[in-house]
């Protein structure tokens, strides 16, 4: 049935609608969430702050027909190597950036 318009919740353009469940998963980039929410709240965001943001996203009219399946929260250790900037060919030492130093300090949350 792929390639034909479907009724009910779907993903994609009307030409190639793909049926999906009535539940939605939310993927959060942990570092972006900490940075963006922290800037908005003027403090380090806690669990309740992150879940309030999830609730705000779920309140979007385009998600009204869906219930929450799961929140996927991803984060990783900061990059600690050097790389060449693709546009200007400068060398970036990620281990010397403020984000790396903040994330690896003993007092980092």
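Derivation of every value follows stated rules applied to the coordinates shown; laboratory data play no part. These figures come from a predicted structure and were not determined experimentally. Because the Cβ atoms are built from the backbone with ideal geometry, glycine has one as well, and the counts that use them run over all protein chains shown.
Using the average count of surrounding beta-carbon atoms within 10 Å as a protection proxy, the listed peptides 91-99, 46-54 rank, highest first, as 46-54, 91-99. Rounded to the nearest angstrom and listed largest first, the equivalent-ellipsoid semi-axes of the stretch 39-109 from its Cα gyration tensor are 34, 18, 11. Here the extension length gained between residue 67 and residue 101 equals 8.3 nm, from 0.36 nm per residue of separation less the Cα-Cα distance.
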